[in-house]
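Everything on this sheet refers to the single structure shown next.
The values are calculated or read from the model by the stated rules, or taken from the named source; none is laboratory data. In this text, all values refer to a predicted model and were calculated from it rather than measured experimentally. So basically every Cβ, Gly included, is an ideal-geometry build from the backbone, and we count neighbours across all protein chains shown. With ligands, DNA and RNA removed, areas are computed over all heavy atoms of the protein, side chains included. Shrake-Rupley method; radii C 1.70, N 1.55, O 1.52, S 1.80 Å.
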Amino acid sequence: MSRKAAAAQTPAGDTIDSSGAAVIRRVAPYLWPAGQGWVKRRVVISLLLLLVAKIIAVGTPFFYKAAVDALSGEASADAAWTLGAGAVGLTVAYGVARLMNVGFQQLRDAVFARVGQRALRQLALETFTHIHRMSMRYHITRKTGGLSRIIERGVKGVEFLLRFLLFSIGPLLLELLMIAVVLAVAFDIWYLVVVCVTIGLYIWFTFVVTELRVKIRREMNAEDTDANQKAIDSLLNFETVKYFGAEAREAERYDGAMGRYVAAALRTSYSLAFLNFGQSLLITTGLVVVMVMAAQGVSAGTLTVGDFVMVNAYMIQITMPLNFLGTVYREIRQALVDMAQMFGLLEQPSEVQDKPGAKALRVDGGEVRFEGVVFGYDAARPILRGVDLTIPPGRTLAIVGSSGSGKSTLGRLLFRFYDVTAGRVTIDGQDVRDVTQDSLHAAIGVVPQDTVLFNDTIRYNIAYARPDASFAEIEAVARAARIHDFITALPEGYDTAVGERGLKLSGGEKQRVGIARTLLKDPPILLLDEATSALDTATEGEIQGQLKGLGQGRTVLVIAHRLSTIADADEIVVLENGEIVERGTHAALLRRAGRYADLWSRQDTDNAA
C-alpha cells in the first residue's frame with residue numbers, strides 16, 4: 001500500500017473539516033434524499049408548521065397589549081377592533097394564541113421525527129457496513145473501544161443536527177427579523193438599534209467563547225474515548241489481568257484516564273459558567289435599556305401601558321431564543337466535531353476493494369496457486385519473497401516453518417485480507433483480485449487457531465455460516481464435528497449461550513463449534529490456520545480426526561505448528577524468512593535430513609521430554 005493510503009488510515013486521519021460546511025454537505029442528502037418523496041413532503045410540512053408557529057408567536061404580544069390597555073382604559077380608537085372583545089376575551093385570545101404556538105411546534109416535531117430517525121438509522125447502517133469493509137490492516141491498528149465511541153457520538157449527532165439546524169437557527173433568525181420589523185414600525189427606530197446591538201454583541205460573544213470551548217470539548221472527548229478504550233480492553237482481557245494479579249494496575253490506568261477526562265470536563269464547566277454569565281449580562285443590559293426607553297415613552301404620554309408591556313413581552317421573546325441559541329450553537333458545534341470524526345471513518349478508503357466489473361469466482365476444481373508472491377506488511381520489511389506454490393484440486397498442502405516465516409500471511413493473502421505486492425494468487429486460474437470478495441470468501445472455509453464465537457447461543461454460532469440452515473442441518477454438522485452429544489447434555493441444549501467470545505466453552509468445545517460451522521458452510525477450499533496448536537494433546541487428537549474428515553474432497557491449505565498434525569499431507573512446504581527452503585512428503589523430507597527433519601526432531605524431543 002502506498003504511503004499516502006497508509007497515512008489515510010491512521011487514527012490521525014479519521015476526521016474531516018469540522019468547521020461546519022463539510023459536515024452539513026454530508027448530512028444534507030439525508031434531509032432531502034433523492035427519490036424519497038415522503039421524506040421531502042414531511043420536511044416541507046414541518047417548515048410550514050414552523051412558519052405558522054412563528055407568525056402566531058410574533059402576533060401574540062398584540063393581544064397582551066390590547067388586554068392591558070382595555071383594563072387600564074387607554075385603548076385608542078385605532079384599536080377599536082379590540083374593544084368589543086373586552087379584557088377577558090383578549091386575555092383568552094392571548095392564551096389561545098400561546099397554546100396554538102406550542103401546538104404547531106409540537107406538531108412540527110411529530111411530523112419531522114420520522115425523517116430524523118430515518119437519517120439516524122441510515123447513517124448508523126452505512127457506518128457499520130463501511131467499517132466491516134475496511135481492511136485487516138485498518139482494524140489491527142484501531143482500538144475497538146475508541147472506535148465504538150466515535151460511532152456512537154457521531155450517529156447521535158445526526159438527528160440533533162438535522163432537527164436544530166432546521167428548526168432552531170433558521171427559525172430564530174426569522175423570528176428576530178419579524179420582531180425587529182414590529183419594533184421599528186410600531187415604536188421607534190432606536191428600539192430596533194438597541195435590540196440589534198444587543199443581539200449582535202450576544203451572538204459575537206457566544207460564538208467566540210463557544211469556539212474556545214469546542215477545543216476543550218475535543219480534548220474531553222479524546223480523554224473519554226481513551227478511558228472507554230482502556231476499560232473495554234481490560235475487560236476483554238479479564239483472564240490475563242487475573243493471571244498477573246494486575247487488577248490494581250488496570251484500575252490505576254483507568255483512573256488515570258478518567259482523571260484526565262475529569263480535568264478537561266472541569267475546564268468545560270468553568271468555561272460554560274463564564275459563557276452563561278456573559279450572555280446574561282448582555283441580554284439583561286439590552287432589556288433594561290429598552291424598558292427604560294419604553295418607561296420614558298409612557299411617562300411622556302407617547303406610549304400606553306400596553307405598549308410598555310408589549311415591548312417587555314417582545315424582549316422576553318427575544319431573550320428566550322437567544323439563550324437557547326447559546327445552548328444550540330454549543331451543541332451543534334459539538335455535533336459537528338463528533339460527526340466529523342464519524343464521517344472521517346466513512347471517508348477512509350478500503351485498502352482491499354473489488355475491481356469495477358469484478359465477476360464472481362467460479363470454482364471448478366479448486367486449484368490454488370501462489371505465483372511469485374511478494375508481500376510485506378511494511379514496505380521496509382518484506383515477509384514473503386517470491387513464493388511459488390500449487391495445491392491441486394482435492395489435495396492437502398501443509399506449510400510449516402518457524403514463527404515469523406510468513407505461514408499465516410499466505411492464508412491471509414488467499415482470503416484477500418491483503419493484496420500481494422508482486423505476483424498473484426489464483427483459484428482455478430482466476431486472480432483473486434479480479435473476482436468479488438463476497439464470492440471469494442464464500443468459496444473458502446477457515447478454521448483458525450482460536451475460534452471466536454458470538455455472545456449468543458450455540459445454535460446461532462453454528463448457523464452463522466448459513467443463517468437459513470434448518471435445525472436438522474445444524475444438528476447433522478454438530479454430529480460430524482463430534483459435539484452434538486455435549487450440546488444435548490447441556491440444560492438448554494442448542495439454545496445455550498456461549499458467553500462473550502465463547503468464554504463459557506473450553507478450547508476444544510469452541511474448536512468443535514468452529515468445525516461444525518465450517519462444515520455447514522461446505523466450502524470447496526479449506527484453510528486450517530494452526531487450528532489445533534492451542535489445544536492439549538488429547539483434545540488435539542480428537543479434533544485432528546474431525547479436521548481430516550472436514551478436508552475430504554476439498555482443496556486444503558494447512559498452516560501448521562505441530563508437525564505431527566500434517567504428517568499425512570499430500571505435500572509439505574517448509575518456509576523460512578519468506579522463502580521456500582524445502583518441499584515434499586513427510587517421508588521424503590525426513591530422508592533428506594534437512595530443515596524439516598530438524599524441526600521434526602526438535603518437536604519429537606520436546607514431546608518426549
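Do we have any residue at all in region 574-587 that's assigned to a helix (DSSP H, G or I) and at pLDDT below 80?
No: region 574-587 contains no residue that is assigned to a helix (DSSP H, G or I) and at pLDDT below 80.
Got at least one residue in region 255-272 being assigned to a helix (DSSP H, G or I), at pLDDT below 80, hydrophobic (A, V, I, L, M, F, W, C) and under 26 Å from the mean Cα position of the chain (by Cα)?
No.
Just to be sure, is GLU211 at pLDDT 80 or above and more than 30 Å from PHE62 (Cα to Cα)?
No.
Every residue in region 228-245 that is farther than 23 Å from ILE150 by Cβ and not in a loop (DSSP other than H, G, I, E, B), please.
Scanning region 228-245 gives PHE238, GLU239, THR240, VAL241, LYS242, TYR243.
Looking only at region 193-236, filter to residues that are farther than 20 Å from GLN341 by Cβ and free of Cβ contacts under 8 Å to residues at least 24 places away in the same chain; which one of those is most open to solvent (accessible area, probe 1.4 Å)?
The residue in question is TRP204.
Given the criteria out of contact with any helix residue (DSSP H, G or I) (no Cβ under 8 Å at 6 or more places or on another chain), over 24 Å from TRP600 (Cβ atoms), modelled with pLDDT of 90 or more and among the β-branched types (Val, Ile, Thr), does VAL374 qualify?
Answer is yes for this residue.
Residue check: is ALA465 at pLDDT 90 or above and of a type outside the set (D, E, K, R)?
No.
Looking only at region 295-311, count how many residues are within 17 Å of ALA180 (Cα to Cα) and either charged (D, E, K, R) or without any contact (Cβ under 8 Å) to a residue 40 or more places away in the chain (or both).
2
Quick one: would you say ALA248 is in a helix (DSSP H, G or I), at pLDDT 85 or above and open to solvent by 70 Å² or more (accessible area, probe 1.4 Å)?
Criteria met by ALA248.
If I filter region 445-453 for residues that are touching a strand residue (DSSP E or B) at 6+ places or on another chain (Cβ under 7 Å), open to solvent by 60 Å² or more (accessible area, probe 1.4 Å) and touching a residue at least 24 places away in the same chain (Cβ under 8 Å), do I get at least one hit?
yes
Give region 527-540 a look and list any residue that's over 32 Å from the mean Cα position of the chain (by Cα) and either open to solvent by 40 Å² or more (accessible area, probe 1.4 Å) or modelled with pLDDT of 85 or more (or both), or say none.
Within region 527-540, ALA534, ASP536, THR537, ALA538 meet the criteria.
Determine which single condition PRO392 fails, assuming it passes every other condition in (1) on the phi > 0 side of the Ramachandran plot; (2) open to solvent by 20 Å² or more (accessible area, probe 1.4 Å).
(1) is the only condition that PRO392 fails.
Residues that are open to solvent by less than 50 Å² (accessible area, probe 1.4 Å) and either at pLDDT 80 or above or closer than 20 Å to LEU120 by Cβ (or both), at least 2 per element: which helices (runs of 4 or more DSSP H) completely within region 1-103 meet that?
21-31, 37-72
Is one or more of the residues making up region 421-434 of a type outside the set (S, T, N, Q), part of a strand (DSSP E or B) and surrounded by fewer than 16 Cβ atoms within 10 Å (Cβ to Cβ)?
Yes - at least one qualifying residue is present in region 421-434.
Under 6 Å between Cβ atoms, which residue pairs at least 6 apart in sequence (or on different chains) link something in region 463-475 that is within 18 Å of ALA442 (Cα to Cα) with a partner that is open to solvent by 50 Å² or more (accessible area, probe 1.4 Å)?
Listed pairs, sorted by first residue: ALA465/LYS521.
Yes or no, residue by residue, for (1) closer than 30 Å to VAL155 by Cα; (2) touching a strand residue (DSSP E or B) at 6+ places or on another chain (Cβ under 8 Å):
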site	(1), (2)
VAL337	yes, no
GLU347	yes, no
LYS359	no, yes
PRO392	no, yes
LEU397	no, yes
GLY401	no, yes
GLY404	no, no
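For ARG416, state whether it is under 27 Å from LEU550 (Cα atoms), under 29 Å from the mean Cα position of the chain (by Cα), open to solvent by 20 Å² or more (accessible area, probe 1.4 Å) and among the basic types (Lys, Arg).
Considered against the rule, which asks whether it is under 27 Å from LEU550 (Cα atoms), under 29 Å from the mean Cα position of the chain (by Cα), open to solvent by 20 Å² or more (accessible area, probe 1.4 Å) and among the basic types (Lys, Arg), ARG416 comes out as no.
Considering ALA294, ALA264, which residue is within 25 Å of PHE63 (Cβ to Cβ) and open to solvent by less than 80 Å² (accessible area, probe 1.4 Å)?
That would be ALA294, the only listed residue that is within 25 Å of PHE63 (Cβ to Cβ) and open to solvent by less than 80 Å² (accessible area, probe 1.4 Å).
Looking at region 479-513, which of the residues that are free of Cβ contacts under 8 Å to residues at least 40 places away in the same chain and open to solvent by less than 20 Å² (accessible area, probe 1.4 Å) is nearest to ILE232 (Cα to Cα)?
GLY508
Restricting attention to region 495-524, which residues are basic (Lys, Arg) and closer than 16 Å to GLU473 by Cβ?
Across region 495-524, the qualifying residues are ARG517, LYS521.
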